[in-house]
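Let me begin by presenting the structure, written as structure tokens, before commenting on it.
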Amino acid sequence: DAKTTQPNSMESNEEEPVHLPCNHSTISGTDYIHWYRQLPSQGPEYVIHGLTSNVNNRMASLAIAEDRKSSTLILHRATLRDAAVYYCILRDAIGGYQKVTFGIGTKLQVIP
Amino acid sequence: SAVISQKPSRDICQRGTSLTIQCQVDSQVTMMFWYRQQPGQSLTLIATANQGSEATYESGFVIDKFPISRPNLTFSTLTVSNMSPEDSSIYLCSAEWGLAGAGTDTQYFGPGTRLTVL
């Protein structure tokens, strides 16, 4: 399985943008990049995913490097509710179903 | 999307006993999963439960310890058997439609069951 590397923790001030990096240097051409987050005392929730192009949704934006070896999850205005552990995960689109493997993720602290 | 509920939300159990955790999805899904999350750790997949077939267990997890049922497309149970304090953890179930092209599928999670074994 292709691996991802994320910083263990990050801090952000409330109402400022947050850029959460993820390195995936061994990504294959058919791997999708997914982001999930886990709020305190809750199960993980889906945030966003993409393949090659940058993606936007109501929660966040995903910027994917041209060589696809890294990506960045962007929260445009961090709120206290965004304090969570953010997981960057790769999922292959071919070869049948493949399980989701969670790494350690990045713990985001939002400072009021 | 899918809404997933789990029962119980938490429990305190004595060693040597067993606990069955229920997971209910508000729509029919192909694939359901059970994870364990130990304090301060990431999620570890225990097994995949598909309706009509035996669960598929990950390395380090066995059916005798974690029997799983999947009687229909909206429900699954995980039993933690003969518990010891090392089983104290959060157990989460999740579901996915399992569409062709798994790269784009989204997995939905329940809120978890916090288990403490004394």
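Some notes on this structure:
- The single condition among (1) modelled with pLDDT of 95 or more; (2) exposed (fewer than 13 other Cβ atoms within 10 Å of the Cβ) that A:P7 does not meet is (2).
- Inter-residue pairs, beta-carbon under 7 Å, first over 10 Å from A:T79 (Cα atoms) and open to solvent by 80 Å² or more (accessible area, probe 1.4 Å) and in the stretch A:11-24, second part of a loop (DSSP other than H, G, I, E, B) and among the aliphatic types (A, V, I, L, M), 6+ apart: none
- Each residue in the stretch B:1-25 was checked for being touching a Ser or Thr at 6+ places or on another chain (Cβ under 6 Å), assigned to a strand (DSSP E or B) and surrounded by 13 or more Cβ atoms within 10 Å (Cβ to Cβ), and 7 pass.
- When residues of the stretch A:82-111 are limited to those that are more than 8 Å from chain B (Cβ to nearest Cβ) and modelled with pLDDT under 95, the one least open to solvent (accessible area, probe 1.4 Å): A:I89
- Options B:S59, B:S81; residue that is among the polar types (S, T, N, Q) and either under 29 Å from A:S9 (Cα atoms) or without any contact (Cβ under 8 Å) to a residue 12 or more places away in the chain (or both): B:S59
- Residue match in the stretch A:63-72 (condition: at positive phi, open to solvent by less than 70 Å² (accessible area, probe 1.4 Å) and more than 10 Å from chain B (Cβ to nearest Cβ)): yes
- Residues in the stretch A:2-57 that are within 11 Å of another protein chain (Cβ to nearest Cβ), of a type in the set (A, V, I, L, M) and under 26 Å from B:Q37 (Cβ atoms): A:I33, A:L39, A:V47, A:I48.
- Filter result for B:L115 (of a type in the set (A, V, I, L, M) and modelled with pLDDT of 95 or more): yes
- Of the criteria (1) in contact with a Lys or Arg (Cβ under 8 Å, 6 or more places away or on another chain); (2) surrounded by 12 or more Cβ atoms within 10 Å (Cβ to Cβ); (3) away from chain A (no Cβ under 12 Å), which one B:Q28 fails: (1)
The values are calculated or read from the model by the stated rules, or taken from the named source; none is laboratory data. Every value quoted in this text rests on a predicted model; they were computed, and no experiment measured them. Cβ coordinates were reconstructed from backbone atoms using ideal geometry, including for glycine residues, and neighbour counts include every protein chain displayed. Each accessible area value is taken on the protein alone, full model and side chains, heavy atoms only, with ligands, DNA and RNA left out. Shrake-Rupley method; radii C 1.70, N 1.55, O 1.52, S 1.80 Å.
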